[in-house]
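Asker: Have a look at this one before I ask anything.
The values are calculated or read from the model by the stated rules, or taken from the named source; none is laboratory data. These numbers were taken from a predicted model, which means no experiment stands behind them. Counting neighbours? That spans all protein chains shown, and the Cβs are built from the backbone with ideal geometry, glycine included.
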Amino acid sequence: MATRLDFCFHLRSRSARRGHCGCHVCKRLLQGQNLIISRASRFSGQRLSNLISPPTLTESVERSVHAELVAVLVAVTNGEPRVLTTDDARALPAGPFELSHRSLQAGLRAWVETQTHHPLGYVEQLYTFADGDRSDESGGRVMSVSYLGLTREAGETGVAQVGWQDWYRYFPWEDRRAGTPALVEDLIVPQLAQWCEASADLAVRTRRHQRAAITFGLEGAAWNEDMVLQRYELLFEAGLVPEAARRGGGKAVLPGEPMRHDHRRILATGIARLRAKIKYRPVVFELMPAEFTLLQLQLAVEALAGRGLHKQNFRRLIEQQELVEETGEMATGTTGRPAKLFRFRRDVLAERAIAGSKLPLSRAL
């Protein structure tokens, strides 16, 4: 049962003193000093001043909750997926809420551009992380609202400790463009098998084996590139990543660089969202230059999906969907036969929206 509150994030009304307002936006639970906001994503398009009004907040809540914005900013450079990081590649760009910001997204753009001197293009909200074990240095509760941003890498940022990193640096088991990585068979499978058998409970052992098989495509199960977060969380639970070892929960035997706090979990969420999205929406073109070859486009999709694609099937699907058109120019500076240059047909989005159809790129993956 929800404890009575002196404020309501959704209504901003004294009538909220009666406790839970009953709306889907404002479901929350206040127990002691812990505040959980389960649907903060509903706030993304609203003014912060309409969401949090300092005069109506109790002092206990102000002390117990610290909110931040976190960005997963992605680019594809030379056929490799890249993510913008801070703190010498150990964190994602992040900053606190500011009531002066017009919206959460405006706050995100301001903080990212201030920290990195890098403008944001396409942005969408990912997820709100508000688990009970997320705390800052003072012991207060931390709630992170994460966003996915797509852009093009523009060289050096010119800011110390800020730079672009290959995202497989953090998740080496996710790159299957050249087949299953050796570390899966050599390290992950044996360690997961040991963890599965460590429980004395048969039901627990069975569930663990099933999770391992489904997430990593073992025992005849198909590999699903979208399950990035599930794989990371399984490895965390098994104590095989440094973040688990930091909490005294494992030995961290796997390669893959850790990040501060739970930023690698947030990055996994962003990768999973983008991998799923490129199958049904042409967001990959947000990462491409204005003109490109079909090979460059295929390499970009392969880099994001972490798996190889059949060349002719991919090109046939792109042509069938009428996503691109020839520019009439040829690529220069390439070895071998000159390749045609293409550009994205942005009017295809309006055409498909009117027709009510999607872009089934999933058939190419």
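Asker: Being modelled with pLDDT under 75, over 28 Å from E243 (Cβ atoms) and either aromatic (F, W, Y) or touching a helix residue (DSSP H, G or I) at 6+ places or on another chain (Cβ under 8 Å) (or both) is the filter here; which residues of region 104-121 pass it?
Answerer: P119
Asker: If a residue has to be within 21 Å of E286 (Cα to Cα) and in contact (Cβ under 8 Å) with a residue 40 or more places away in the chain to count, how many in region 319-340 make the cut?
Answerer: Number satisfying all stated conditions: 3.
Asker: Name the single residue that is farthest from R273 (Cα to Cα) among those in region 205-261 being acidic (D, E) and touching a residue at least 60 places away in the same chain (Cβ under 8 Å).
Answerer: Across region 205-261, the extreme among qualifying residues is E257.
Asker: Can you tell me which of L218, L234 is buried (at least 19 other Cβ atoms within 10 Å of the Cβ), aliphatic (A, V, I, L, M) and under 18 Å from P181 (Cβ atoms)? Before the answer, list the steps.
Answerer: On the way: L218 fails: buried (at least 19 other Cβ atoms within 10 Å of the Cβ).
Just one listed residue meets the conditions, L234.
Asker: If you don't mind, there's one more thing I want to ask. Of all residues in region 329-365, which are at pLDDT below 80, assigned to a helix (DSSP H, G or I) and not basic (K, R)?
Answerer: V348, L349, A350, E351, A353, I354, A355, L361, S362, A364
Asker: Say we look at region 252-296 and pick out the residues that are small (G, A, S) and out of contact with any strand residue (DSSP E or B) (no Cβ under 8 Å at 6 or more places or on another chain); which of these is modelled with the lowest pLDDT?
Answerer: Result: A252.
Asker: For region 42-89, which residues satisfy the criterion of being farther than 18 Å from T114 by Cα, part of a loop (DSSP other than H, G, I, E, B) and at pLDDT 50 or above?
Answerer: N78, G79
Asker: Here are the criteria: (1) assigned by TED's automatic domain parsing to the domain that holds R343; (2) not in a loop (DSSP other than H, G, I, E, B). Tell me which single one L309 does not satisfy.
Answerer: (2)
Asker: Go through region 312-325 and report how many residues are at pLDDT below 90 and not in a helix (DSSP H, G or I).
Answerer: 3
Asker: If you don't mind, there's one more thing I want to ask. Kindly indicate the residue of region 279-292 that is in contact with a Lys or Arg (Cβ under 7 Å, 6 or more places away or on another chain) and closer than 15 Å to E326 by Cβ and also surrounded by the most Cβ atoms within 10 Å (Cβ to Cβ) among those meeting that condition.
Answerer: For region 279-292, the residue satisfying everything is E291.
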